[in-house]
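Heads up: the structure comes next, in structure tokens.
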Amino acid sequence: MADETPTSRKGKRGGGRAGRRGRVSGFGQPDWRIPINTDRPTEPLSAEGVACIHDGAMRILEEIGIEFFNAESRDILKEAGCKVDGERVFMGRAFVMEMVGKAPSSWTLTPRNLDRQLTMGDNHVLFGSVASPPNYWDLELGRKVPGTRAQCADLLRLTQFFNCMHFTSGYPVEPQDIHASIRHLDVMFDTLTLTDKVVHSYSLGKERVEDVMEMVRIAGGMTHEAFEARPHMFTNINSTSPLKHDEPMMDGWMRMARRNQGLVVTPFTLAGAMAPVTMAGAVAQSVAEALCAVALAQYIQPGVPCAIGTFTSNVDMKSGAPAFGTPEYMRATQMTGQMARFYELPMRASGVCAANVPDGQAMWETSNSLWSAIQSGTNMVYHAAGWLEGGLIASPEKFIMDCEVVQMIQRYLEPAIWSTEEEDVALDAIREVGSEGHFFGIDHTQDRYTTAFYQPIVSDWRNFEAFQDAGEVWTAERAHHTFKEILSQYEEPPMDVAIRDELAAFVAKRKEEGGAPTDF
């Protein structure tokens, strides 16, 4: 395994064309591509507003402090010159800004399939699957059930199939039929064999992170040196708002930093519960909780790839339940986008909703959150497909319905739509038709009609009578049929048999050793 980049070894391969091409009879889909957002971002804050939130975040770090429950992280920050009082760490703004300034403004993620390399930053927009719901719902079951490995694998197949999904955000549903001590081993084996896209590791202590890094290295056929030369995977940690970073996530964060893998920190600040009820206060707190983790990573490994995330929303003040896709959520995302650009860091946002089933509420809340990500200049969109009940349910029907929205957004971002070349202005076509004809039959239309407009997956654009004649199948039902069709024709992406065997052997060995502790 002396290769310097992920590669396939010579020998018999598994998988086939369907896993690579993402085609199913009945509909096509756009080819794999990484959208670039050339729109000006929506910026609700004035320059003075940005300065106020920055000052607020710095004063939180200087005057109030952040609790770091991980003793090693406190020792490192004390060595760096920060004041440490018990578990609380105080950071001066000069130190924070010096450290944040070492982080790159963009970076790449290179999975085992080199054609699936991603750029994080530089106006690129990456979309990933739902991650971490403990429960599953589909139209056939008609009820919420604890997630299983089989359901998790099916959602991974959807992630691989859809070209608009660029990375796996984590377990698309928690497989609760696998013991927590070995869950990461089985799910990462499934992830690396059922997909060839960028993968994520949960930062939950030493064993999980080290195991996943080793499995990604094996899957890519890399030496340890090649693995650490550039990021091939990433982690996302959440602060324990308000103003805390826990023990296991910090452990994983530091281990990933030392090996030069991608780091994303996303405070979970729900205004009115875990953060101030005002969006400015919630964003300031979120920025403070994020930047202190970035500062720690940069002190450990200057230049390690980092990004800050936003998960700032509000609670329903009547029930205390999280609300998503709200006007406040959208503005908080836009505000955090301004702050990310101020610090010259890539940003992560999410596609989320509070709805319990894939209905109208689910789609308008998810659409609001996805569009706020685009408006904010977000680079990485977590949970872009499949999320329900505030992150407690994963649904394949919702996954496919969300992919419809994501594909529309990606089409919206294609420069071809607003191209103004001579053939796009189309004066010859307008002259040919004049004022009394139509454009259906002319060459200008016939040469372009198959690619001129977005073609839907599950949207039904027929009139009501045609809808009735076709059996009055509602959107979630159409999505369910599409889900089943994809599964029936799905083939795994290619993987060298020797690499697959090495992955399986590693999993078996780590299971014999007991996997990971489950005491946190």
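At-a-glance table
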read-out	value
Inter-residue pairs, beta-carbon under 7 Å, first closer than 11 Å to L139 by Cα and in the stretch 476-492, second open to solvent by less than 40 Å² (accessible area, probe 1.4 Å) and of a type in the set (D, E), 6+ apart	A476/E397; A479/E397; H480/D138; H480/E397; F483/E397
Candidates D85, D39, D55, D75 - the one that is open to solvent by 40 Å² or more (accessible area, probe 1.4 Å) and either touching a residue at least 60 places away in the same chain (Cβ under 8 Å) or of a type in the set (S, T, Y) (or both)	D39
Selection from the stretch 449-495 of residues that are within 28 Å of D115 (Cβ to Cβ), among the hydroxyl-bearing types (S, T, Y) and crowded, with 18+ Cβ neighbours inside 10 Å	T482, Y490
Single condition G221 does not satisfy, out of (1) surrounded by fewer than 24 Cβ atoms within 10 Å (Cβ to Cβ); (2) under 27 Å from D31 (Cβ atoms); (3) under 19 Å from the mean Cα position of the chain (by Cα)	(3)
Given (1) in a helix (DSSP H, G or I); (2) crowded, with 22+ Cβ neighbours inside 10 Å, number of the condition E214 does not satisfy	(2)
So T366, is it touching a Phe, Trp or Tyr at 6+ places or on another chain (Cβ under 9 Å) and more than 19 Å from F161 (Cβ to Cβ)	yes
Those residues of the stretch 172-215 which are under 21 Å from M120 (Cα atoms) and either without any contact (Cβ under 8 Å) to a residue 24 or more places away in the chain or of a type in the set (F, W, Y) (or both), in sequence order	Y202
Entirely in the stretch 449-520, the helices (runs of 4 or more DSSP H) that have 2 or more residues that are more than 27 Å from the chain's Cα centre (by Cα)	464-469, 497-512
Residues located in the stretch 429-448, provided they are out of contact with any helix residue (DSSP H, G or I) (no Cβ under 7 Å at 6 or more places or on another chain), surrounded by 11 or more Cβ atoms within 10 Å (Cβ to Cβ) and not in a loop (DSSP other than H, G, I, E, B)	I430, E432, V433, T445, Q446
Test result for S350, more than 13 Å from the chain's Cα centre (by Cα) and small (G, A, S)	no
Residue match in the stretch 258-278 (condition: in a helix (DSSP H, G or I), over 21 Å from the mean Cα position of the chain (by Cα) and closer than 29 Å to T108 by Cα)	yes
Test: residue in the stretch 406-416 that is in contact with a Ser or Thr (Cβ under 6 Å, 6 or more places away or on another chain) and not in a loop (DSSP other than H, G, I, E, B)	no
Residue in the stretch 352-369 that is small (G, A, S), open to solvent by less than 10 Å² (accessible area, probe 1.4 Å), in contact with a helix residue (DSSP H, G or I) (Cβ under 9 Å, 6 or more places away or on another chain) and not in a helix (DSSP H, G or I) present	yes
Which numbered condition Q298 fails, given (1) within 22 Å of the chain's Cα centre (by Cα); (2) open to solvent by less than 10 Å² (accessible area, probe 1.4 Å); (3) among the polar types (S, T, N, Q)	(1)
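For (1) touching a helix residue (DSSP H, G or I) at 6+ places or on another chain (Cβ under 7 Å); (2) among the acidic types (D, E); (3) part of a loop (DSSP other than H, G, I, E, B), each residue gets a yes or a no:
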site: W32; (1), (2), (3): no, no, yes
site: V84; (1), (2), (3): yes, no, no
site: A94; (1), (2), (3): no, no, no
site: L139; (1), (2), (3): yes, no, yes
site: R143; (1), (2), (3): no, no, yes
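The values are calculated or read from the model by the stated rules, or taken from the named source; none is laboratory data. Just so we're clear, the structure is a prediction, and the values are computed from it rather than from any experiment. All Cβ positions, glycine included, derive from the backbone under ideal geometry; neighbour counts span all protein chains shown. When the accessible area is computed, the model is the full protein with side chains, heavy atoms only, and any ligands, DNA or RNA have been set aside. Shrake-Rupley method; radii C 1.70, N 1.55, O 1.52, S 1.80 Å.
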